[in-house]
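**Q** Below is the structure I would like to discuss, written out as structure tokens.
The values are calculated or read from the model by the stated rules, or taken from the named source; none is laboratory data. Everything numeric here is computed off the predicted structure, so don't read it as measured data. Quick reminder, even Gly has a Cβ in these numbers, built from the backbone with ideal geometry, and neighbours come from all protein chains shown.
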Amino acid sequence: MSSERHTIEALQQEGRTFPPPPAFAAQANATAALYERDLESFWGAEAIARVSWSTPFERVLDWQPPYARWFLGGTLNACHNCVDRHVEAGRGDRVAFHWEGEPEGERRSLTFADLQREVVRLASALRRLGVGRGTPVGIYMGMVPEQAIAMLACARLGAPHTVVFGGFSAEALGSRLKDMGCAVLITQDEGWRRGKRVPLKANADSALALAPSVGTAVVLRRTGGAVTMAPGRDRWWHELVAAEEGDPAGCPCEPMDAEDLLYLLYTSGTTAQPKGIVHTTGGYLVGVSTTHHYVFDVKPDTVYWCAADIGWVTGHSYIVYGPLCNGTTSVLYEGTPDFPDRDRWWAIVERYRVSVLYTAPTSIRTHMRWGPAHAEAHDLSSLRLLGTVGEPINPEAWIWYRDHIGGGRTPIVDTWWQTETGMIMITPLPGVTTCKPGSAGRPFPGVEVRVVDDHGREVAREQGGHLVLTRPWPAMLRGIHRDPERYRETYWSRFPGVYVAGDGARVDQDGDIWLLGRVDDVMNVSAHRISTIEVESALVDHPSVAEAAVCGRSDPTTGQAIVAYVTLKGEHQPSVAHVQRLREHVGRKIGKIAMPASIVFTGELPKTRSGKIMRRLLRDVAEHRALGDTTTLADPQVLEELRARALTDPGQEG
């Protein structure tokens, strides 16, 4: 066999299919005809249908690779589209957010009229502090309504923002504030996580020592805990807005060009410096509102819950800007799924009669590990659509989600997209698509995707390769802040003229796309390029396994050997015999070449606070080398336990 291989081997097959329920299809927002429209006519029509323009755009697209300009000549304001126009249309009494605090009993519901008043009050106060068009603002908060209010207040004034996830360290916050050159930081005294207080203001104080451009910090009082307030710099939110009446006429929305910067969102890169992803106003708002409308089939009475954090792009696009632009009622939850009990999510679904739930495969697998009894204790009959985001979902988790959360009846939209894409790119369309557990379906209308080999040649059906995007899309990143060369090199240099996503994928015989994980995570075993996702799916297919993460380590014989980190369900115990059972199960599912050389049993996997498994750190553990950046890790102790186990148990056999 040749040692030169240019595709990723697709080993696992999934034969189950789920056509759309006829009743759902009959009322669905999406129809198959959407796929027949050409790029510019589709996006031009959606831009008019979804968004209100202060000045109509004259041209849909100017594409000069790798830069696109969308809706040329058009002006608009994101806050007006997300808030004011709904109030002006007589929908001010519709609930915008049902908010549930982590401490039980803390609840608020904000209508669009309430949201408008609070946004205007904060925007007016910020304006008095000197914030205006082009003033960069940082936001470092927990999952409280005021986080969305802060984003919308910035958008109202034309002030670009960067939201830094509340779980990030002071160093991570400081580097982002410095890179953007923020003049103001909006934060809060403390947050809540599993009943403990998170010292957001204390972290912010340390960060501001690294970001001399920040002259003012606005502090929301959340817990009432004691914090240090620096004279001349720090201002209490409630004191600033106390004198503001919230009259929108007194603080009008700033008309912005469609290509004006709306926000930066920093994402990790291969270097120590995070990448400031540039998202502009018009194309982004059109992209997220359009995808939200069709992918989640939102209606006027939909109660929608995206169980992500606003600090990630999922929260920007599908908690704040997309749903609010569509006038949708959303749920916000401050805490974790297991506080104070493991049924907290399902109590929230029952309380607010949630109809659409959008969450990560990692969260689903966590609930699988806890067992279905927690969901069964609650009435989940209001759910009519489920969604997943963040990483490919393995088929068994997909089936569990549908059976135990969706009552065996709900369509599931498994979505693929990135911080850089801004909006959902590959997805089933509910009511149209016949779903396959583990497949993300087809490109969203107006999006074009190919799978290519290492030389940029399109691969045959059922072969794995690099996922690339061959046409521009409205919500696409417009660059990396202050680093155009890095933008070109990272996304556009490998295959000229196309965007390289960094993910592997295959297209099956029906044209449906199966994501294979990050290309960097592909393992080369005896000249076979094997996807981590497929091996993980095979492991989770075993009835004893709740979660699994796989990586490669150097091997003198095979080039790389497969190392699997496995979390068992509660009633199963680790043993050498169980290691062999799992290896044989993988061999039966996808072939002996994919059998793990080593299996490590662990109670938890190292994850970010958003629930993504940090496979690069598992590679560091497997190779016995120094750990890379751990600033986004939710629980560093998990990694230390794995390192200790690897050092004391060289065989890694559980």
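**Q** Which of the residues belonging to the range 462-485 are at pLDDT below 95 and not small (Gly, Ala, Ser)?
**A** 462, 463
**Q** Follow-up. Which one is nearest to residue 289 (Cα to Cα) among residues in the range 42-61 that are within 28 Å of the chain's Cα centre (by Cα) and not aliphatic (A, V, I, L, M)?
**A** My answer is 50.
**Q** Right, something else. Could you say which residue among 146, 171 is modelled with pLDDT of 95 or more and not in a strand (DSSP E or B)? Before the answer, list the steps.
**A** Working: 171 fails: modelled with pLDDT of 95 or more.
After ruling out the rest, the residue left standing is 146.
**Q** Can you name the number of the only condition in (1) crowded, with 21+ Cβ neighbours inside 10 Å; (2) assigned to a loop (DSSP other than H, G, I, E, B) that residue 319 fails?
**A** That leaves (2) as the condition not met.
**Q** Sort through 357, 332 and tell me the only one that's under 25 Å from residue 431 (Cβ atoms), surrounded by 20 or more Cβ atoms within 10 Å (Cβ to Cβ) and assigned by TED's automatic domain parsing to the domain that holds residue 193.
**A** Of the residues listed, the single one that is under 25 Å from residue 431 (Cβ atoms), surrounded by 20 or more Cβ atoms within 10 Å (Cβ to Cβ) and assigned by TED's automatic domain parsing to the domain that holds residue 193 is 357.
**Q** I need the helices (runs of 4 or more DSSP H) fully contained in the range 1-101, keeping only those with at least 1 residues that are among the polar types (S, T, N, Q) and out of contact with any Gly (no Cβ under 8 Å at 6 or more places or on another chain).
**A** By residue number, 39-50.
**Q** Considering only the range 450-461, I want to know if a residue exists there that is within 24 Å of the chain's Cα centre (by Cα) and not β-branched (Val, Ile, Thr).
**A** Scanning the range 450-461, I find at least one residue that is within 24 Å of the chain's Cα centre (by Cα) and not β-branched (Val, Ile, Thr), so the answer is yes.
**Q** Looking at the range 102-114, which of its residues are without any contact (Cβ under 8 Å) to a residue 24 or more places away in the chain and touching a Gly at 6+ places or on another chain (Cβ under 9 Å)?
**A** 107, 111, 114
**Q** Follow-up. Scan the range 177-197 and tell me whether some residue there is without any contact (Cβ under 8 Å) to a residue 12 or more places away in the chain, assigned by TED's automatic domain parsing to the domain that holds residue 319 and farther than 11 Å from residue 138 by Cβ.
**A** yes
**Q** Among 172, 209, 258, which is the only one that is assigned by TED's automatic domain parsing to the domain that holds residue 487 and surrounded by fewer than 18 Cβ atoms within 10 Å (Cβ to Cβ)?
**A** Values: 172 fails: surrounded by fewer than 18 Cβ atoms within 10 Å (Cβ to Cβ); 258 fails: surrounded by fewer than 18 Cβ atoms within 10 Å (Cβ to Cβ).
None of the others qualify; the one that does is 209.
**Q** Please indicate, with yes or no, whether at least one residue in the range 506-522 is among the small types (Gly, Ala, Ser) and touching a residue at least 60 places away in the same chain (Cβ under 8 Å).
**A** Checking the range 506-522: at least one residue is among the small types (Gly, Ala, Ser) and touching a residue at least 60 places away in the same chain (Cβ under 8 Å).
**Q** When you go through 121, 127, 94, 117 one by one, which is the residue that is surrounded by fewer than 24 Cβ atoms within 10 Å (Cβ to Cβ), touching a Cys at 6+ places or on another chain (Cβ under 8 Å), touching a residue at least 60 places away in the same chain (Cβ under 8 Å) and not aliphatic (A, V, I, L, M)?
**A** Step by step, each of 121, 127, 94, 117 is checked, and only 127 is surrounded by fewer than 24 Cβ atoms within 10 Å (Cβ to Cβ), touching a Cys at 6+ places or on another chain (Cβ under 8 Å), touching a residue at least 60 places away in the same chain (Cβ under 8 Å) and not aliphatic (A, V, I, L, M).
**Q** Here's another thing I want to ask about it. Return yes or no: is residue 258 touching a Gly at 6+ places or on another chain (Cβ under 7 Å), among the small types (Gly, Ala, Ser) and farther than 27 Å from residue 106 by Cβ?
**A** Taking the combined requirement at face value, the residue satisfies it.
**Q** Select from the range 549-565 the residues that are in contact (Cβ under 8 Å) with a residue 40 or more places away in the chain and either over 15 Å from residue 595 (Cα atoms) or among the hydrophobic types (A, V, I, L, M, F, W, C) (or both) and list them in ascending order.
**A** Within the range 549-565, 549, 550, 551, 554, 563 qualify.
**Q** Return the pair list, or none, for Cβ contacts closer than 6 Å from residues in the range 252-267 that are farther than 24 Å from residue 60 by Cβ to residues that are part of a loop (DSSP other than H, G, I, E, B) and among the hydroxyl-bearing types (Ser, Thr, Tyr), at least 6 apart or on different chains.
**A** Going by the 6 Å Cβ cut-off, the qualifying pairs are 265/419; 267/419.
Condition check ((1) closer than 21 Å to residue 7 by Cα; (2) in contact with a Leu (Cβ under 7 Å, 6 or more places away or on another chain)) across all residues:
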position: 501; (1), (2): yes, yes
position: 507; (1), (2): yes, no
position: 513; (1), (2): yes, no
position: 518; (1), (2): yes, no
position: 521; (1), (2): yes, no
position: 544; (1), (2): no, yes
position: 562; (1), (2): yes, no
position: 573; (1), (2): no, no
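**Q** Give me a count of the residues in the range 235-283 that are of a type in the set (Gly, Ala, Ser) and at pLDDT 95 or above.
**A** Residues that pass the stated criteria total 7.
**Q** How many of the residues in the range 71-86 are surrounded by fewer than 19 Cβ atoms within 10 Å (Cβ to Cβ) and aliphatic (A, V, I, L, M)?
**A** 1
**Q** Kindly indicate the residue of the range 305-344 that is more than 14 Å from residue 99 (Cβ to Cβ) and among the aromatic types (Phe, Trp, Tyr) and also farthest from the chain's Cα centre (by Cα) among those meeting that condition.
**A** Across the range 305-344, the extreme among qualifying residues is 339.
**Q** With the requirement that a residue be among the small types (Gly, Ala, Ser), part of a loop (DSSP other than H, G, I, E, B) and closer than 30 Å to residue 172 by Cα, what does the range 210-257 give you?
**A** Within the range 210-257, 211, 213, 215, 224, 225, 226, 230, 232 qualify.
**Q** Going residue by residue through the range 329-348, is there one that turns out to be touching a helix residue (DSSP H, G or I) at 6+ places or on another chain (Cβ under 6 Å), over 21 Å from residue 191 (Cα atoms) and at pLDDT below 95?
**A** No: the range 329-348 contains no residue that is touching a helix residue (DSSP H, G or I) at 6+ places or on another chain (Cβ under 6 Å), over 21 Å from residue 191 (Cα atoms) and at pLDDT below 95.
**Q** Of all residues in the range 188-198, which are touching a Lys or Arg at 6+ places or on another chain (Cβ under 6 Å) and either part of a strand (DSSP E or B) or over 17 Å from residue 311 (Cβ atoms) (or both)?
**A** Passing the criteria: 188, 189.
**Q** Residues being outside any strand (DSSP E or B), of a type in the set (D, E, K, R) and at pLDDT 95 or above: count how many of those fall in the range 102-125. Lay out the reasoning, then the answer.
**A** Filtering the range 102-125 down to residues outside any strand (DSSP E or B) leaves 102-106, 112-125.
Checking the rest, the ones that are also of a type in the set (D, E, K, R) come to 102, 104, 106, 114, 117-118, 121.
Among the residues that remain, those that are also at pLDDT 95 or above are: 102, 106, 114, 117-118, 121.
The total comes to 6.
**Q** Between 110, 129, which is out of contact with any helix residue (DSSP H, G or I) (no Cβ under 7 Å at 6 or more places or on another chain) and not polar (S, T, N, Q)?
**A** The match here is 129.
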